[in-house]
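Here it is, the structure in full.
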Amino acid sequence: MGVVTARGKEAKEAMKKKKQNIDFKKVFVRLKDGDSVRVRILSAYDYVRYMSHGSYVHGIWTQPCLKPAGKNCAICEANDAKVEEFDGLYAKERYLFAFADIDEGMIRVFDATKGQAEQLVDTIEQYAEDLQDVAFTFKRTGNKTDTTYTLNPILRLKADDKEKFEKFNEEVVEDEFFETVLQPRTYEQQIEELKKAGFPVEEYFDVQVSDDSEDNSDDVEPISEEENPDKVF
Ligand SMILES: [Zn+2]
């Protein structure tokens with residue numbers, strides 16, 4: 001027997017299984033003012049950029065734009081339709097960071113605006129040489145447009161905390177992990193969400209959306225904090 005444990009179809013099944021193991025109830029770091037979590041940054045490059053749609057006022061949660069995947073994106077189309085009161089649906093740049101939550105013992109993600117991401121990347125790069133040894137306190141301060149997120153190095157870990165930290169020595173964040181936690185909707189699901197938000201889908205989409213369509217919203221976990229950003233762009 002060699003070192004390969006699965007090939008082809010079997011390997012693909014194993015990957016799928018891994019995906020299903022993500023605990024969507026816990027994977028997203030959502031903090032209130034003053035809250036913090038202790039994290040280990042696994043590498044200096046564990047973040048991705050994606051284009052995001054989301055509109056708090058319409059109840060459309062942050063979700064990835066489908067265009068970069070080479071697909072039609074119903075929310076882009078809805079935005080292009082320039083319907084009154086639906087002017088905030090355009091795709092915005094967002095960043096998803098992955099790190100190990102040493103107290104939860106799992107890889108978690110944080111969804112950041114571009115501005116927040118720049119600050120976090122600054123800190124990560126500053127400590128790039130020390131990521132194997134240094135844990136951080138990831139903390140939220142402030143509310144709404146004054147919200148900032150900081151990573152502060154923890155100078156010394158207690159022995160049992162050090163153990164929690166070292167549990168992640170071999171851990172790597174795969175591209176697929178980001179793809180999965182972003183929970184891309186299908187085109188049809190997007191149209192359903194638009195309909196729920198009050199968008200006149202019948203006028204703009206050539207798709208039949210039944211009124212009693214199954215409510216899938218329970219299957220989706222919000223990526224970000226989904227609080228009213230007070231419309232600042
Ligand atoms: Zn889009």
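The values are calculated or read from the model by the stated rules, or taken from the named source; none is laboratory data. Keep in mind it's a predicted model, so treat the numbers as computed, not measured. With ideal geometry, Cβ positions are generated from the backbone for all residues, glycine too; neighbour counts draw on all protein chains shown. Remember, those area values only see protein heavy atoms, side chains included, never the ligands or the DNA or RNA. Shrake-Rupley method; radii C 1.70, N 1.55, O 1.52, S 1.80 Å.
Which numbered condition trips up T148, out of (1) closer than 19 Å to H58 by Cα; (2) without any contact (Cβ under 8 Å) to a residue 40 or more places away in the chain?
The single condition T148 does not satisfy is (1).
Do we have D161 as open to solvent by less than 40 Å² (accessible area, probe 1.4 Å), under 19 Å from C73 (Cβ atoms) and either acidic (D, E) or out of contact with any Phe, Trp or Tyr (no Cβ under 8 Å at 6 or more places or on another chain) (or both) here? Quick ask: steps written out before the conclusion?
Values: open to solvent by less than 40 Å² (accessible area, probe 1.4 Å): yes; under 19 Å from C73 (Cβ atoms): no; either acidic (D, E) or out of contact with any Phe, Trp or Tyr (no Cβ under 8 Å at 6 or more places or on another chain) (or both): yes.
It is false that D161 is open to solvent by less than 40 Å² (accessible area, probe 1.4 Å), under 19 Å from C73 (Cβ atoms) and either acidic (D, E) or out of contact with any Phe, Trp or Tyr (no Cβ under 8 Å at 6 or more places or on another chain) (or both).
A further question follows. Here is a list: E171, E203. Which entry is at pLDDT 90 or above, open to solvent by 80 Å² or more (accessible area, probe 1.4 Å) and touching a strand residue (DSSP E or B) at 6+ places or on another chain (Cβ under 8 Å)? Lay out the reasoning, then the answer.
Working: E203 fails: touching a strand residue (DSSP E or B) at 6+ places or on another chain (Cβ under 8 Å).
Exactly one of E171, E203 is at pLDDT 90 or above, open to solvent by 80 Å² or more (accessible area, probe 1.4 Å) and touching a strand residue (DSSP E or B) at 6+ places or on another chain (Cβ under 8 Å), namely E171.
Are any residues in the stretch 65-90 over 14 Å from L194 (Cα atoms) and either within 8 Å of the ligand (Cβ to nearest atom) or polar (S, T, N, Q) (or both), and if so, which ones?
Once the filter is applied, which keeps residues that are over 14 Å from L194 (Cα atoms) and either within 8 Å of the ligand (Cβ to nearest atom) or polar (S, T, N, Q) (or both), the stretch 65-90 yields L66, K67, N72.
Would you pick out the residues in the stretch 91-103 that are crowded, with 18+ Cβ neighbours inside 10 Å and more than 15 Å from the ligand (Cβ to nearest atom)?
Residues of the stretch 91-103 that are crowded, with 18+ Cβ neighbours inside 10 Å, as a first pass: 91, 94-102.
Selection gives Y95, L96, F97, A98, F99, A100, D101, I102.
Take the residues in the stretch 50-64 that are farther than 20 Å from F177 by Cβ and hydroxyl-bearing (S, T, Y), then tell me which one is nearest to the ligand (Cβ to nearest atom). Lay out the reasoning, then the answer.
Filtering the stretch 50-64 down to residues farther than 20 Å from F177 by Cβ leaves 53-60.
The next check asks that each one be hydroxyl-bearing (S, T, Y); those that pass are 55-56.
On the way: S55: 12, Y56: 17 Å.
Looking at residues that are farther than 20 Å from F177 by Cβ and hydroxyl-bearing (S, T, Y), I get S55.
Any residue at all in the stretch 167-175 that's more than 14 Å from L31 (Cβ to Cβ) and among the basic types (K, R)? Walk me through it before giving the result.
Applying the first criterion (more than 14 Å from L31 (Cβ to Cβ)) to the stretch 167-175 yields 167-175.
From the residues that got through so far, the ones that are among the basic types (K, R) too are 167.
Yes, because at least one residue in the stretch 167-175 is more than 14 Å from L31 (Cβ to Cβ) and among the basic types (K, R).
Could you please find all residues in the stretch 24-54 being touching a helix residue (DSSP H, G or I) at 6+ places or on another chain (Cβ under 9 Å), more than 17 Å from E188 (Cα to Cα), of a type outside the set (D, E, K, R) and surrounded by 17 or more Cβ atoms within 10 Å (Cβ to Cβ)?
Passing the criteria: V27, F28, I41, Y47, V48, Y50.
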